[in-house]
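A quick write-up on the structure given underneath.
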Amino acid sequence: MHEVSSTTSSAPVPESLSPIIEVEDAAVNLGGRTIWQQVQLSVQPGEFLAILGPNGAGKSTLLKAILGLLPLSAGSITVLGHPAKRGNASIGYVPQRRHFEADVHIRGRSIVRLGLDGGNWGLPLPFLQRRKAHDAATRVQQAIDLVGAAAYADRPIGELSGGEQQRLLIAQALVTRPRILALDEPLDSLDLRNQQGVAGVIRQISRETGAAVLLVAHDINPILSAVDRVVYVAQGQVAVGTPEEVITTEALSHLYNTPIEVLRASDGRIVVVGQPEEEISYHAHSVR
Ligand code: ADP
Ligand code: MG
């Protein structure tokens, strides 16, 4: 077989030839109910995907399926050429709604370090030679630098702001140098300035490391400039495309099967009108 090559430039072969995540006709059942089905999604290295949709639509479920934490009821998910499986070090994961109370005295740096040695943290590791310990410390520092947390990484995490804690949790997910970053509502509970700040940091990391980003968000607006494509989860279905393709009156009305209006404010903000806030469950018609 001959190789496809470019005759016009010496540019490297586009990475788009090999998707980092391939979701094919996938479905998940939970509690006897189909959460979503017929999901098709191909993610390229370095891509920044926003996962959007109402509460309960199945956004977290989609991340967990890619992480191999949930079985599929149909289809397949391939991550870096292998079936999705639990404990994949190629994926850095920040689960939903994690924050630290004010009385948590663990230093930020130790939280980041947890990403490297997980369950072993806090236990003496006599076999950990100097060299390995040095390498680990270097990786931790690099992750801290990537998220711009060097100034406060040695303070107790409970004393830090929500945005600072979130940056350190992202650093924890980065410490294994993952090819994929799966972030479940990392901007939740941050003020607008911090949402844009953290989103900018994630975009920058993706550019520097080539990691693909799957970021679950409530609002597209703070991340609009960072996003390559959106994955819109609603009504048991998923629509995938650029924001211009997916966040439109036509596409969302079709996805929700109800009239939705998408407006563009003069400052570029997207306003979605008529979107059901809570996903309607399978027995909702019997309520009220
Ligand atoms: P989102 O992240 O979009 O808010 P989730 O993915 O967390 O939604 O949940 C999707 C749906 O699956 C919700 O209706 C939720 O109640 C349901 N669900 C989540 N986990 C389970 C489970 N372990 N058993 C049964 N239902 C579940
Ligand atoms: Mg969720």
Which values, in whole Å and largest first, are the semi-axes of the equivalent ellipsoid of segment 100-177 obtained as the square root of 5 times each eigenvalue of the Cα gyration tensor? 21, 14, 10
Most fluctuating residue of I260, I180, I51 in a GNM of the chain with Cα springs under 10 Å: which is it? I260
In vacuo Debye sum over C-alpha of the chain, base-10 log of normalised intensity I(q)/I(0) at q = 0.08 Å⁻¹, listed in q order, is -0.38
For segment 170-186, in residue order, the Karplus 3J(HN,Hα) values (coefficients 6.51, -1.76, 1.60; θ = phi - 60°; whole Hz; Gly and Pro = x) are 5, 4, 4, 6, 8, 5, 8, 6, x, 7, 9, 10, 10, 10, 9, 6, x
Taking segment 100-177 and dividing mean pair separation by its residue count, relative contact order in percent (alpha carbons under 8 Å, at least six apart): 53 percent
If you average the alpha carbon positions of segment 216-251 and of segment 15-87, how far apart do those two centres end up, in angstrom? 16 Å
Residues of segment 100-177: accessible area per residue with a 1.4 Å probe, Å²: 54 Å²
Per-residue SASA entry for D219, accessible area with 1.4 Å probe, Å² rounded to 10: 60 Å²
On a 0 to 90 degree scale, rounded to 10, what angle separates helix 130-146 from the longest Cα axis of the chain? 40 degrees
How many percent of the accessible area of segment 100-177 is carbon or sulfur, using a 1.4 Å probe? 54 percent
Mean Cβ count within 10 Å, highest first, over the residues of peptides 70-77, 221-228: 221-228, 70-77
If r is the Cβ-Cβ distance from R264 to D135 and R0 is 41 Å, what FRET efficiency results, to the nearest 0.05? 0.25
Any residue on another chain or 5+ positions along whose placed amide H is under 5 Å from the amide H of V94 is listed here as A182, L183, D184
Along the Cα→Cβ direction, 7 angstrom out, place labels at R97 and Q38. What is the inter-label distance in nm? 3.2 nm
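The values are calculated or read from the model by the stated rules, or taken from the named source; none is laboratory data. Keep in mind the model is a prediction, meaning the values are calculated, not measured. Note that each Cβ is placed from the backbone with ideal geometry, even for glycine, and that neighbours are counted across all protein chains shown. Accessible surface areas use protein heavy atoms only, side chains included; no ligands, DNA or RNA. Shrake-Rupley method; radii C 1.70, N 1.55, O 1.52, S 1.80 Å.
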